[in-house]
Structures are given as structure tokens and as C-alpha cells.
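Since the structure comes first, as C-alpha cells, the remarks are kept for the end.
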Amino acid sequence: MVSFSGFHILGDHAAFIFYPLALLYRLYADVHWLFAVQAIALGGAAPLVWLLAIQGGLSRSLANTLTLVYLLSPVVFNVNLFDFHSDVIAIPGILGAVLAARSRRIIPFTAWILLILASKAVLSLTLIMVGVWLWCFEQRRICGAIAAGLSTAWFLFSTQVIFPYFTGGEHAAVGRYDYLGDSVLDIGLNLVKNPQIILGHLFQLSSLEYAVLLLIPYVWGLHYRNWVMLIPALPQFVLNLLSDADTQRDLVHQYSVPILPFLVLMVLAALTSDRTWLRRRQLMLGWAVVGFVALAKPGYFWSIYLNQLDTWQATRGAIAAVTTKGGVLTTSNIAPQLSQRSLIRQTLVGQAVEEVDRFDYVVLNGRHPGWGSDQATHQRILDYLVQSNTFEQRYERDEVVVFGRSTPVSTTAAPELGPT
């Protein structure tokens with residue numbers, strides 16, 4: 001169950017990858033597993049970049065340079081600090097699939113494709129175009145057919161069967177494109193039948209800004225003869241441009257992750273054909289450093305990401321005060337630390353305070369209400385708890401409080417939380 005949305009995890013992104021990831025919690029139940037997996041995925045893509053470079057005929061020094069250019073990519077740095085996202089598995093997945101396809105190794109290629117599909121359903125759109133690209137431009141028709149066939153089948157099955165079954169409707173992300181239709185099929189039909197609808201979203205200043213942000217770190221490797229390498233990146237790029245959510249058009253969030261491998265492949269093609277604007281390795285690395293300094297967000301680490309250090313010790317004490325596996329209502333920032341239970345939900349703006357009665361514990365942080373909540377929501381819940389006859393305060397420090405029920409409630413069914 002997803003604590004943010006209140007429905008089964010497969011109804012979120014059909015990300016089956018979380019089942020094998022959950023096995024890590026059998027060894028030791030700690031959220032840091034996810035961050036370790038994310039760092040390994042992002043770092044593990046570097047050797048694949050190097051192997052692709054060597055396979056393409058580059059010298060070891062140029063292969064090392066391209067690998068460093070990848071590691072200095074702003075997207076790699078930013079997404080590694082911003083929560084955990086299964087999308088990151090797409091980076092080594094796509095690079096590994098291309099390496100296997102170019103080596104004509106069908107079984108490893110198929111394994112990489114299945115791994116990517118298990119990471120997030122929407123990645124199937126990217127892989128459909130990978131199949132088209134491999135078939136038409138790489139002359140790897142078997143691999144192209146496998147990628148396009150499996151991805152098309154998975155996209156249809158996930159959007160028409162899995163999401164409706166677990167959520168009772170369309171995926172929540174469809175709401176970001178509601179001007180195009182109320183369902184995935186409606187959106188697809190409108191894109192074909194009424195392409196004029198999307199022109200206003202595609203040709204606007206924010207779209208140009210986003211394209212520039214993506215290309216600046218690799219501009220020295222751009223050449224018109226290598227644009228074909230970006231064909232598989234088009235689905236995610238267009239999705240980002242058409243979305244009503246501005247977060248899909250920056251380098252901080254995870255939405256640019258599926259585009260990055262193809263930018264690297266484009267630069268690789270330019271290096272292989274000696275069509276780069278910069279010819280010296282030192283200049284290439286210098287530009288990569290400039291791009292990193294300009295577009296990576298290391299400042300977020302000690303500002304946005306560490307802005308709750310003032311309640312760190314208090315939060316540790318609050319977590320220790322939750323002594324059973326009973327249901328917990330808490331903030332988005334504390335929820336991952338208490339997730340090893342059958343029922344956990346996050347506080348949300350507009351939430352009916354009476355829903356509190358379905359939980360055994362309520363853990364609040366008055367200074368930092370967390371994503372999706374605010375100070376007003378915190379105060380409403382706190383006032384209700386103080387006046388309640390069934391809850392008692394168990395802990396308080398630095399505006400971090402824990403309330404517990406005197407009589408535990410059943411957690412066999414997840415409550416439906418929503419606005420009043």
C-alpha cells in the first residue's frame with residue numbers, strides 16, 4: 001500500500017521492481033536500502049557508458065572522458081538527492097540494453113527490457129521507440145521487435161487492466177493532461193485526431209527553456225547527423241512538455257531520467273564520428289564541470305534537503321515512541337521511517353480530522369508538516385487529538401509530538417483518506 005495515495009503499490013506505477021527490493025527489508029528493515037539501490041543504479045551506469053564507448057571504437061582516454069561527462073550530468077546528481085524513484089533503473093537498463101543489442105546478445109537484451117518495464121509502466125513508451133530505433137537505424141531487428149512488442153503489450157495491460165483494478169480508475173498522472181482527455185486512450189486518440197490541441201503546449205517559452213536545460217551539458221557533442229539517437233527520448237520529452245506540472249520540465253525531478261541515456265549515446269556517436277565541437281578532452285571535461293556547477297543543485301543538500309535538522313533528534317525520539325506495529329498517521333517525511341507495518345498514511349491538506357480515529361498512533365511535526373500538508377492541517381489534527389478521549393500524548397519535543405490510543409484499533413483494512 002502506498003502511504004501517499006492510499007491504494008495498492010501496483011496501482012501507482014505498476015512497478016513490480018518493488019517486490020524484489022522489499023526482500024532487502026528482510027535482511028534489515030531500513031529505508032536507506034532504497035537510497036543505496038538508487039546510488040548503485042546511477043553509479044553502475046558509468047561502466048556501461050565506458051563499455052559502449054569502447055565498443056564504439058573510442059580510445060580508453062575518450063571512453064574515460066565520456067564516462068566522466070555522464071557522472072557530471074546534473075540529472076544524475078539532482079535525482080540522487082531527491083527521494084527514491086524507481087525510474088533511475090532505466091538509466092543502466094537502457095544503456096545495458098543498447099550494449100546488448102549492439103553485441104547481438106538477445107537474452108541479456110530481453111532481461112534489460114524486462115527490468116526497465118518492471119521499474120515504471122510509462123517507460124514502456126520510451127522502449128517502444130527504442131524498438132523502432134533499433135529496427136530502423138541500428139539494424140537490430142530482432143531486438144527492436146522484442147522491445148516494441150513487449151513494451152506495447154505491457155503499456156496496454158498496465159493502463160487498461162492493472163491501474164483500473166487497483167485504483168478503480170485511470171492513473172493519477174492522467175490528470176496532468178486532462179485538457180487532452182479523461183483516459184489514456186482518449187489522450188492517445190486526441191493526439192492523433194486533433195494534433196492542433198498540443199501545439200500551444202509544445203511551442204511555448206517553457207518548452208524552449210526545458211530543451212536548453214537538457215542540451216547545455218552536452219552541446220559540444222551535438223551534430224545534426226546524430227539527432228537520430230534522440231528518437232527514443234521523444235515520448236518522455238513530449239510527455240514532459242505537455243504536462244500541466246512544471247516539475248516535469250526541470251532537471252531536479254526524476255522526469256528527465258529516461259532522456260539522459262540517449263543524450264549520452266548522441267555524444268558517443270559524435271565522438272565516434274569525430275563531429276564534436278570540442279576536440280580536446282580537457283575542454284570536454286571543463287564544459288561538463290561548468291554544466292554541473294550551473295545546473296546541479298548541491299546547494300539543495302544543505303538547504304532544502306537538510307532543513308529539518310533542527311528537529312532531527314526530536315524526530316528520532318518520536319519514532320522510538322511508536323512501540324507497536326499499529327497503524328500510524330504521520331507526515332510525509334516521517335512515514336518512510338515507520339513503514340514496516342500494514343497501515344500507514346500521510347497527513348494531507350483537507351483531510352477529515354475524524355479519520356484520526358482509525359489509527360493507533362499519530363506522529364506530527366509542527367515545524368515541518370511535510371509534503372502535501374501544511375501548518376493549518378497540523379493544527380487541526382493536533383486540536384482534535386488534544387480534545388479526544390481516546391488518544392493520549394506519549395511524546396513531545398521541539399514541536400514533534402506523538403499521540404497514541406489507549407485501545408488499539410484493527411488494521412486489517414486500510415482507511416480511505418481524502419478531503420472533507
Problem - Whole-percent carbon and sulfur share, accessible surface of the chain, 1.4 Å - result: 64 percent
Fill in the blank from the handout: Placing one equal point scatterer on each C-alpha of the stretch 323-408 and summing with Debye, one gets log10 I(q)/I(0) at q = 0.19, 0.20, 0.23 Å⁻¹ equal to -0.77, -0.86, -1.18
Completion exercise
quick note, the chain, DSSP beta bridge pairs, % antiparallel (nearest 5) is 65 percent
Practice task
Select from the stretch 52-131 those trypsin sites (Lys or Arg not before Pro) which occupy a DSSP coil region and have at most 10 other Cβ atoms within 10 Å, ordered by residue number.
Solution key: ARG104
Practice task
Within the stretch 178-225, report the chymotrypsin sites (Phe, Trp or Tyr not before Pro) that DSSP leaves as loop and that have at most 10 other Cβ atoms within 10 Å.
Solution key: PHE203
Problem - For the chain, calculated [θ]222 nm from helices alone, where every DSSP H run of n ≥ 4 adds -39500 (n - 2.57) - result: -15000 deg cm²/dmol
Problem - Surface per residue (accessible, 1.4 Å probe) for the chain, Å² - result: 47 Å²
Problem - trypsin sites (Lys or Arg not before Pro) within the stretch 262-349: DSSP coil, no more than 13 neighbouring Cβ in 10 Å - result: ARG279, ARG280
Practice task
Largest first and to the nearest Å, give the Cα extent of the stretch 200-280 along each principal axis.
Solution key: 40, 23, 21
Practice task
Just need the Rg to Rh number for the stretch 26-85, please, alpha carbons only, Kirkwood Rh.
Solution key: 1.12
Practice task
Equivalent ellipsoid semi-axes for the stretch 45-199, as square roots of 5 times the alpha carbon gyration tensor eigenvalues: give them largest first, rounded to whole Å.
Solution key: 31, 19, 15
Practice task
Round to the nearest 10 and give me the degree value, 0 to 90, for the angle of helix 141-157's Cα axis relative to the longest principal axis of the chain.
Solution key: 20 degrees
Completion exercise
Debye calc, one equal point scatterer per Cα of the stretch 1-102, no solvent, log10 I(q)/I(0) at q = 0.11 1/Å comes to -0.43
Practice task
Just the ratio, please: alpha-carbon radius of gyration of the stretch 219-325 over 2.2 N^0.38 Å, N its number of residues.
Solution key: 1.58
Completion exercise
One computes Rg over Rh for the stretch 141-210 from alpha-carbon atoms, with the Kirkwood Rh, and obtains 1.07
Problem - Proportion of all alpha-carbon pairs of the chain beyond 37 Å (%) - result: 31 percent
Practice task
Would you work out which of GLY11, LEU66, PHE35 lies farthest towards the positive end of the dipole of the stretch 1-157? Charges go on Cβ: Lys and Arg +1, Asp and Glu -1.
Solution key: LEU66
Handout entry: Leading residue at positive end of dipole, the chain (Cβ point charges), from GLN282, SER339, ASN190
Key = GLN282
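The values are calculated or read from the model by the stated rules, or taken from the named source; none is laboratory data. Note that the structure is predicted; figures quoted are calculated from it, not measured. Every residue, glycine as well, gets a Cβ built from its backbone with ideal geometry; the counts of neighbours run over all protein chains shown. Calculation scope for accessible area: heavy atoms of the full protein, side chains included, ligands and nucleic acids excluded. Shrake-Rupley method; radii C 1.70, N 1.55, O 1.52, S 1.80 Å.
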